[in-house]
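Read through the structure below, which is laid out as structure tokens, and then see the notes.
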Amino acid sequence: MAVDKLFINARLDHGARHAITVDGGRISGVLAETERPEACEVIDLGGALLVPGLVEGHIHLDTSFYGDAWKPHKPCTNGFDVHERVTFQAQNMAAAAPMDVRARNQLDLCIGHGTTRMRSHVMVDGSVGLTSLETILRVRDEYRELIEIQLVAFPQSGILKSPGTPELLDEAIRLGANLVGGLDPASFDRDVERHLDVVFGTAHKHGVDVDIHLHDPGMLGLFELEQIAARTRALGMQGRVAVSHAYALGDLPADPLKKIADVLAASGVAIMTNAPGARPFPPVAVLRAAGVTVFSGNDNIRDSWWPYGDGDLLNRAMMVGYRSGFYVDDELRMAFDLVTEAGAKALRLADYGLRVGARADFVTLDAEHVPEAVVAVPKGRSVYKDGRLIARDGRVIRQPT
């Protein structure tokens, strides 16, 4: 019997060419190039480097202004301050284009660069209620054939400081959010235990995962990481909790860093970093050597936090590698892993990768191998979802249904 699709002249990272068979949207075979089974459709990849679809581990679909009128950045009045940035964001959002339009712009941008799986944080708190989530849920449904999206109910205005937020987080999961988020339990809500009671209590009640924003620096951030890890172990949630940013890990001396790295690894708490400019960030190599899952994402794209961002996870891998001082091939592959396999592990994507049984999500790159792709960030990509061509040269060519 003929396979649905046969992709020929696919070059994998180690250099050999292969043929890939796809049936029912999944990879059914990774064959030697000389093997050519009968197929209903044959696609010649022309010797391009084939990599799995990129995994966006942290983004904000509701707050980007990409494709909207330019919003000049407002600096904080006295150094970085989350409270002040949230205020600026509310001011900008009030004058922005409709959220669904901006979210579609951002999705098209990311898909065009090769993203096929995504985790987006969406504001759910007393300042916006469930309105933003309801909008992004509709957009997610529109794009369901192009990209798979996990949504985090994100209390941007705090949990304890924003009246009604605990109840809203509970309802957000009922509506279709996949995870519960949090934000700086110490510096924002000024009560670590009560904040984490709500986050982990809601997650445990609904059987969902957790992804907490943590900007707090130094020993304060270290204490919060210890408390998050302890909660994770107590509830048996190893492998189901992530901390995004975790700037404190970039502040610590070697000994406390090694200790908390071991605690995070034993607790199965993943760390997301986008290696933001002018901020300390988690030391990727040290954490990974301890067994911590470290993954990445674009985070903010032209929003109220900074004016940068192009939606390209390959460019993000390059940036993480550049800021980490990664030079040798194994280190460059490590940077690439943050936006592919490590991201899939953190997002618990069981059907990911260039292997039999996985979803046929992949991207073609004009590069000899992964290390070259990370430093060169080649354009001219083709993006396949479930074996279907959905984007080429940065443009989505299959319209959402």
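The values are calculated or read from the model by the stated rules, or taken from the named source; none is laboratory data. Small disclaimer: the values here were computed from a predicted structure and weren't measured. Here the Cβ is made from the backbone with ideal geometry for all residues, glycine too, and neighbour counts use every protein chain on show. Side chains are part of the model used for accessible areas, which takes the heavy atoms of the whole protein and leaves out ligands, DNA and RNA. Shrake-Rupley method; radii C 1.70, N 1.55, O 1.52, S 1.80 Å.
Descriptive notes on the structure:
- The set of residues in region 274-309 being under 26 Å from Glu84 (Cβ atoms) and of a type in the set (D, E, K, R) consists of Arg279, Asp299, Arg302, Asp303.
- Scanning region 236-294 for residues that are in a loop (DSSP other than H, G, I, E, B), touching a strand residue (DSSP E or B) at 6+ places or on another chain (Cβ under 9 Å) and of a type in the set (A, V, I, L, M, F, W, C) gives Met237, Ala246, Phe281, Val292.
- Residue match in region 294-305 (condition: closer than 30 Å to Arg392 by Cβ and free of Cβ contacts under 8 Å to residues at least 40 places away in the same chain): no
- In region 1-16, residue surrounded by the fewest Cβ atoms within 10 Å (Cβ to Cβ) [restricted to those that are in a loop (DSSP other than H, G, I, E, B) and more than 30 Å from the chain's Cα centre (by Cα)]: Met1
- Subset tally (residues that are of a type in the set (D, E, K, R), over 21 Å from Asp81 (Cα atoms) and either assigned to a helix (DSSP H, G or I) or in contact with an Asp or Glu (Cβ under 6 Å, 6 or more places away or on another chain) (or both)) for region 194-235: 6
- Residues that are at pLDDT 95 or above and either open to solvent by 30 Å² or more (accessible area, probe 1.4 Å) or in a helix (DSSP H, G or I) (or both) do not occur anywhere in region 67-77.
- For region 83-90, the criterion of being small (Gly, Ala, Ser) and either open to solvent by less than 60 Å² (accessible area, probe 1.4 Å) or part of a loop (DSSP other than H, G, I, E, B) (or both) is met by no residue.
- Per-region count, region 17-32, residues loosely packed, with under 14 Cβ neighbours inside 10 Å and either over 27 Å from the mean Cα position of the chain (by Cα) or in contact (Cβ under 8 Å) with a residue 40 or more places away in the chain (or both): 1
- Members of region 126-153 found to be out of contact with any Ser or Thr (no Cβ under 8 Å at 6 or more places or on another chain) and either of a type in the set (Ser, Thr, Tyr) or part of a helix (DSSP H, G or I) (or both), listed by number: Thr131, Ser132, Leu133, Glu134, Thr135, Leu137, Arg138, Val139, Arg140, Asp141, Tyr143
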